[in-house]
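The following block contains the structure, expressed as structure tokens.
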Amino acid sequence: MQRSKLGQIGIYTAVIVTVVLLLFPIYWMTITALSPANQLRSFPPVFFPEEPQWGVFSELLATQPFALWLKNTILIAVATMILALSVSILAAYALSRYRLRGGATIGMFILTSKMLPATLLVIPFFAIFKQMGLVGSLWSVVITQSTLIVPFCTWMLKGYFDTIPEELEHAALVDGCSPFATIFRIVLPVAAPGLAATALYAFVISWSDFLFARTFLQTSESQWTLNMGIAALKGEYITDWNVIMAASLMASIPILLVFLVLERFLVGGLASGAEK
Amino acid sequence: MTHLTETTILTKPKGPRMIDFSAPRHRKKFGYLLLAPAVILMALIIVYPILLSVDISFQDVRIARVGASDKPWTLDNYRWLFASHEFWRACWVTAKMVVFVGGTALVIGLATALLVNQKFKGRALARLFVALPWAVPEVVATVIWAWMLDSSFGVVNWALLRLGIISEAIQFSQNSTAAFFAVCVVMIWKGYPLMTIMLLAGLQSIPEEQYQAAKVDGASVWQRFWYVTVPNLAPVMGVTLIMTTLWVFRDFAIIHVLTGGGPLGATTTLSIMTFEQSFSYFRMGQGAAVGVVTMLICAFISRALVSRFASKSH
């Protein structure tokens with residue numbers, strides 16, 4: 001279909017206007033972080049600051065326990081990823097290869113975890129963790145995040161396993177490879193891209209969590225995560241928006257990078273909760 | 001691969017006492033064995049807490065403990081709930097938010113999906129860009145908007161004043177209506193990319209022949225949109241709307257960080273109310289009652305999702 005020149009220009013204009021409007025908040029975060037503090041209290045706002053103030057990042061690191069928040073966030077994300085994947089790989093493989101009655105049940109879990117009000121879930125967990133002495137421990141967040149991430153990873157991985165032809169495994173089994181070894185030697189290497197995508201997804205979900213950390217870690221400041229730190233900065237009486245935006249920018253960059261890698265997997269991943 | 005098979009043939013021990021999972025009659029057992037850790041974990045961290053929360057909702061407790069209460073179940077929390085003005089206001093706020101956020105996100109999502117579905121150079125990049133807010137963590141999205149909506153130096157107030165839409169700056173934190181819309185704006189910004197991504201996938205799966213046929217029949221662009229695109233997209237739209245609805249119901253971070261549920265409960269949804277009762281006032285029995293009712297409402301909404309998919313896939 002050939003489009004007229006005028007139509008082309010129209011489309012480009014529409015695309016540029018849309019992208020500028022929709023991404024303006026991200027631009028504004030970046031610009032604010034790099035603006036001098038006094039400039040932010042001026043009207044009209046400065047849209048193109050002349051000299052970026054890189055000093056804000058060292059100010060952030062010096063005045064806030066940013067490194068600690070970052071460390072806690074990473075620890076939680078990595079632990080959750082490992083826990084969720086080790087369980088989900090096995091379950092997803094079973095669901096993909098064997099006609100089990102559990103298939104519908106796992107689908108139900110995914111839906112349940114999506115519809116379950118998370119603020120309700122934290123009440124019994126608070127009682128449980130109180131009893132186990134886990135309130136204030138990073139593990140409390142790892143465990144509660146798994147309620148979302150395990151069903152999600154299982155479903156996403158099942159989707160990938162479904163796309164891998166079974167013939168390879170049959171051949172391995174006929175050759176005497178044990179079913180367990182078949183999974184690790186034959187299936188997982190082939191499913192590596194899917195595994196990576198799923199792991200990154202788990203990472204994104206974990207990184208973005210606020211509620212679980214807010215509920216179980218609020219009283220122990222040494223265990224705070226990035227999101228908690230940023231929320232606390234916003235709540236302070238004197239708000240240094242350039243520092244908050246610098247923290248926000250640093251907290252978003254890992255996720256934005258992951259997003260660039262994941263974008264082509266997005267549809268499968270986001271739809272996973274919907275597809276049963 | 002050949003290397004692998006040769007060595008395994010030679011070295012595989014045939015343990016007589018072990019169950020040989022490669023034997024056809026044991027195949028299913030192996031499947032269940034693989035499934036077991038996930039099922040046990042889900043039972044422990046989803047099923048048990050749900051049962052416990054229902055239990056708590058029937059107890060007159062301030063700070064819940066596991067198995068500590070020997071008092072009989074009471075309906076007090078639910079009686080309080082249905083008699084309280086706060087609960088009905090939270091229902092109303094949630095309903096308004098679901099409708100407004102869902103509707104607007106759908107419109108923006110559909111518009112952007114249609115736009116980046118056009119053929120033009122740099123389309124891949126445009127697709128990446130329109131979906132980008134999806135990747136911004138909710139708390140970060142919220143503080144960015146909190147800054148943009150700042151009553152003294154916020155860029156939004158500046159723009160609205162400049163355009164002559166308002167004559168004095170809006171106090172987003174003090175005005176109930178403004179606070180409600182501020183929360184909605186953040187939710188829409190975070191929520192529309194899901195719509196875009198899913199609807200774009202839906203658009204790409206519409207067979208080109210349908211458009212060609214409509215064109216041959218002399219259908220205008222608008223008619224093609226209305227009679228080919230919309231019916232084909234309807235199932236995806238339905239599913240995404242329900243997913244967005246459940247997300248608005250569940251959301252905590254955006255509202256808690258932006259307004260804290262205020263001013264005067266104007267942004268207190270059921271989810272915020274559950275948290276507030278339990279962790280601000282430490283009335284976990286009442287909080288759990290709010291949460292259980294919310295869960296039932298969400299379960300009802302999800303049923304629509306399940307039945308839709310059951311009818312679609314089989």
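How are the C-alpha pair distances of region B:190-274 spread across 5 Å bins, as whole percents from the shortest bin up?
Here the calculated profile for region B:190-274 is 3, 13, 17, 14, 12, 10, 9, 7, 6, 5, 3, 1.
Of B:155, B:140, B:39, which is the most mobile in a GNM of chain B whose springs link Cα atoms less than 10 angstrom apart?
The residue with the greatest mean-square fluctuation here is B:39.
Follow-up. Based only on Cα atoms, what mean projected area does the convex hull of chain A have, in nm²? Before the final figure, lay out the partial values.
Numbers: hull surface 86.2 nm².
Taking a quarter of the hull surface, the average projection is 21.5 nm².
Moving to a separate point now. Taking beta carbons within 10 Å but only from partner chains, what does the mean come to for residues B:164-174? Can you show the working numbers first?
Numbers: counts 0, 0, 0, 0, 0, 1, 0, 0, 0, 0, 0.
Going residue by residue through B:164-174 and averaging, the value is 0.
If you don't mind, another one. Using the 10 angstrom Cβ neighbour count as an exposure proxy, how do B:65, B:162 rank, fewest first? Walk me through the numbers on the way to the answer.
Working: B:65 15, B:162 10.
Taking fewest neighbouring Cβ atoms as first place, the list is B:162, B:65.
Please go through the residue pairs A:158/B:121; A:114/B:29; A:71/B:28 and name each one whose alpha carbons sit more than 32 Å apart in this structure. Before the final figure, lay out the partial values.
Details: A:158/B:121 35 Å; A:114/B:29 30 Å; A:71/B:28 43 Å.
Where the Cα-Cα span goes over 32 Å, the pairs concerned are A:158/B:121; A:71/B:28.
Within region B:32-101, which chymotrypsin sites (Phe, Trp or Tyr not before Pro) sit in a loop by DSSP and count at most 16 neighbouring Cβ atoms inside 10 Å?
Passing sites in region B:32-101 are B:73.
Here's a follow-up. Could you derive backbone 3J(HN,Hα) for region B:169-186 from the dihedral phi with the Karplus parameters 6.51, -1.76 and 1.60 (θ = phi - 60°), listing whole Hz in sequence and x where the residue is Gly or Pro?
For region B:169-186, the Karplus curve yields 4, 7, 8, 5, 8, 10, 8, 4, 4, 4, 5, 4, 5, 4, 4, 4, 4, 4 Hz.
Let me know the mean shielding of B:48-56 by other chains, meaning the per-residue number of their Cβ atoms within 10 Å of its Cβ.
That average works out to 5.
I've got another one for you. In nm, what is the difference between 0.36 nm times the number of residues separating residue B:44 and residue B:86 and their Cα-Cα distance?
Taking 0.36 nm per residue and subtracting the Cα distance, the gain is 11.8 nm.
Hey, another quick one. Please pull out the direction-averaged projected area of the protein assembly as shown, using the convex hull of its alpha-carbon atoms, in nm² to one decimal place.
If you wrap the Cα atoms of the protein assembly as shown in a convex hull and average its projections, you get 33.1 nm².
Could you list the square roots of 5 times each eigenvalue of the Cα gyration tensor of region B:48-87, that is, the equivalent ellipsoid semi-axes, sorted largest first and rounded to whole Å?
20, 11, 9
Taking Rh as the Kirkwood radius, which is the inverse of the mean 1/r over Cα pairs, what is the Rg/Rh value for chain B?
1.10
Take A:215, A:30 and order them by how many other Cβ atoms sit within 10 Å, fewest up front.
Details: A:215 24, A:30 17.
Starting with the residue having the fewest Cβ neighbours, the order is A:30, A:215.
Compute the Rg/Rh shape ratio of region A:39-152: radius of gyration over Kirkwood radius, all on alpha-carbon atoms.
Details: Rg = 21.5 Å, Rh = 18.1 Å.
Ratio of gyration radius to Kirkwood radius: 1.19.
Could you work out the per residue convex hull volume over the alpha carbons of region A:5-53, in cubic angstrom?
Expressed per residue, the convex hull around the Cα atoms of region A:5-53 is 92 Å³.
Taking other Cβ within 10 Å of each residue's Cβ, how do B:26, B:85, B:256, A:170 sort, fewest first? It would help to have the intermediate numbers written out before the result.
Values: B:26 14, B:85 8, B:256 23, A:170 11.
Ordered from fewest to most neighbouring Cβ atoms within 10 Å, B:26, B:85, B:256, A:170 come out as B:85, A:170, B:26, B:256.
Using Stokes-Einstein with the Kirkwood hydrodynamic radius over Cα pairs, what translational diffusion coefficient do you get for region B:49-197 at 20 °C and a viscosity of 1.002 mPa s, in µm²/s rounded to a whole number? Write down the numbers at each step before the final one.
Working: Rh = 19.2 Å.
For the chosen part, D equals 111 µm²/s.
Kindly express, to the nearest 10 degrees and within the range 0 to 90, the angle between helix A:138-162's C-alpha long axis and the longest C-alpha principal axis of chain A.
Between the helix axis and the principal axis of chain A, the angle is about 60 degrees.
So, one more: Using alpha carbons only, how many angstrom separate the centre of region A:20-43 from the centre of region A:164-208?
So the two Cα centres are separated by 44 Å.
Readers should treat all values here as calculations from the given coordinates under stated rules, not as data from a laboratory. These numbers come from a predicted model, not from an experiment. Quick reminder, even Gly has a Cβ in these numbers, built from the backbone with ideal geometry, and neighbours come from all protein chains shown.
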